[in-house]
Structures are given as structure tokens and as C-alpha cells.
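One structure is given below, encoded as C-alpha cells.
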Amino acid sequence: MSESTPTVVLVHGAFADASSWNGVIEQLQAQGVPVIAAANPLRGISIDSAYIAGVFNQTPGPVVAVGHSYGGAVITNAATQADNVVALVFVAAFAPEEGEALGAAEAGSKDSVLSSALVPRHYPAPDGGDPAVEFAIDPAKLRDVFAADLPAEQTALMAATQRPVAELAFSEPNGAAAWKRLPSWAVVATGDKAAGTDIVRSMAERAGAEITEVEGSHVIMISQPQAVTDVILQAVAATKQEATHVAAHQ
């Protein structure tokens, strides 16, 4: 890849960490594509979006922002705060509209069973007020809800190392949607019981994303890293072509 190749910034979702992208990272690096897997704080839409926007802004050159699950909502918001984001890729991800709350959107899903598997916890509020609420997935239910196409031994590790997500991630209204001005791609996992295949597909259609359906669970980037990488590379290639076209006419 040339120096004009965008940097791919991968943003993980709830109950996960940046290592969930390892398979995709290996394949992107093998193709010579610059890639960063950011640490999503999982503390709420506005907090997380501001943090990830900072990652975008401190990444040299153009950025292709890739979000998994809740990370899709984060890149939707964060990309409006960073001038160098040139494309969005949603991987089994939410692509919310301005003013929309993820909890209310997911409540309409017929495919998601996530709510029945969540366990509430409490953590000290940053302002010293009443304890805030966060959610984890019941370890006994994580494989079925989150990663049914992965080996049980692997999902047991995922259950033990999961990162809880603040309740604000589901209840806080989203800000302006970057997909209204940026080209978008989406991977829809056909067996997504967490975000819900139906909600992910409908949001991707609303965003005007180029949709690729892949058979697999919510963590499709772990179970099908090649398929996800292929879509990301489509976004990278299209972005490079556009940049070349613009440069040729300047």
C-alpha cells in the first residue's frame, strides 16, 4: 500500500476490548494497511465519542473508521468531530440517527435477546454523586447471546474478561450522524442475537451503506475475520480512488 493509504481505526463495542479485532488486524497488516485498534472507554455516548474523536484527530492522514456493535454508534458521533475521517464501516453495528437512544432502538428488535442476559452493576459516579449503573453479560449466557459460532473454551475466556458498559451507552441520545455525509459500508451478521440482525440491517439501509451479509454471530470479526477485512479493504480502496480522482483534478 502507498503512503496515501488511509489508516484504519477499529473501535470495539460493549463487553469487549481492542483484542477482539486481532484477526482483522493481522490481515490488514499483511496487506500493508496502517491500522490502530482504539480503546473504547464504554462510559457513554458523549464520553466515548469525544475520546475516539481524539484518536481520529491525532491519527495522521485520512482515517477509515470501523465500529463493532456499540462502537458503530461511537464512530457515528465521533466522526462528526474529526475532519480526517473519510469513510465509515459498521460491523454488526449500530448506526444511530441524531436524537436516537440505542436502548429504545434495540427494544424493537425481534432478533436480539441481549436484554435478558444483562446483569446490572454499580460503579462510583465521576461527580461523586449516586453510584452509576453499568451492565455485563451473564457469563452463562454469553456464548449463546454474543458468540454462538465460537468454541466454548474461547467464549469462556471472553465471559471472564468482558468489559462492562455504562447504562448511558443505551439511554443517552446520540448526536449528529456522520453517515449522512460520509460513504459507509456495513457487515450484517445473519445470526446476531446481541445487537439484532434486523436492527443492524435496518440501520445500515437507512445510512445508505453498502451492505454485505455474512453468516455468523454478533462477533463476526472474530469468527469471520477474512469477510470483515474484505469489506474494510473495499472502503480503503474506494477512499484511495476518490482521493486520487480529487488530486488529479486540482
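The values are calculated or read from the model by the stated rules, or taken from the named source; none is laboratory data. Predicted, not measured: the structure shown is a model, and the values here were computed from it. Backbone-built Cβ (ideal geometry, glycine too); neighbour counts: all protein chains shown. Protein only, heavy atoms only, side chains kept; ligands, DNA and RNA dropped before computing areas. Shrake-Rupley method; radii C 1.70, N 1.55, O 1.52, S 1.80 Å.
Based on C-alpha pairs under 8 angstrom that are at least 6 apart in sequence, the chain has a relative contact order of 24 percent. Dipole magnitude for the range 75-218: about 100 debye, using +1 per Lys or Arg Cβ and -1 per Asp or Glu Cβ, origin at the Cα centre. For the chain, a Gaussian network of Cα nodes joined below 10 Å ranks VAL133, VAL236, VAL165 by mean-square fluctuation, and the top entry is VAL133. In terms of the Cα gyration tensor, with a ≥ b ≥ c the square roots of its eigenvalues, is the range 83-142 rounded because a/c is under 1.5, prolate because a/b exceeds b/c, or oblate? It is oblate, given that a/c is not under 1.5 and a/b is not larger than b/c.
When the Cα positions of ALA140, ALA125, SER112 are compared along the charge dipole of the range 97-145, ALA140 comes out farthest toward the positive end, with charges on each C-beta of Lys, Arg, Asp and Glu. Distance between the C-alpha centres of the range 153-204 and the range 1-65: 15 Å, rounded to the whole angstrom. Annotation for ASN22 and ASP83: the two label points, set 7 Å from Cα along the Cα-Cβ direction, are 3.9 nm apart.
Each Lys and Arg adds +1 at its Cβ and each Asp and Glu adds -1 at its Cβ; summed about the Cα centre, the chain shows a dipole of about 180 debye. Think of the chain as a dipole: +1 on every Lys or Arg Cβ, -1 on every Asp or Glu Cβ, centred on the Cα centre; then among SER20, LEU168, LEU182, LEU182 lies furthest on the positive end. In terms of accessible area, using a 1.4 Å probe and ignoring ligands and nucleic acids, ILE52, ILE199 rank largest first as ILE199, ILE52. Among the lysines, which have Cα under 19 Å from the Cα of LYS141 when same-chain residues fewer than 8 positions away are ignored? Partners within reach: LYS110, LYS193.
Taking the Cα of GLU97, stepping 7 Å toward and past its beta carbon, and measuring to each backbone N in the range 180-224: which are under 11 Å? Counting backbone N atoms under 11 Å from the label point, the list is 203, 206-207.
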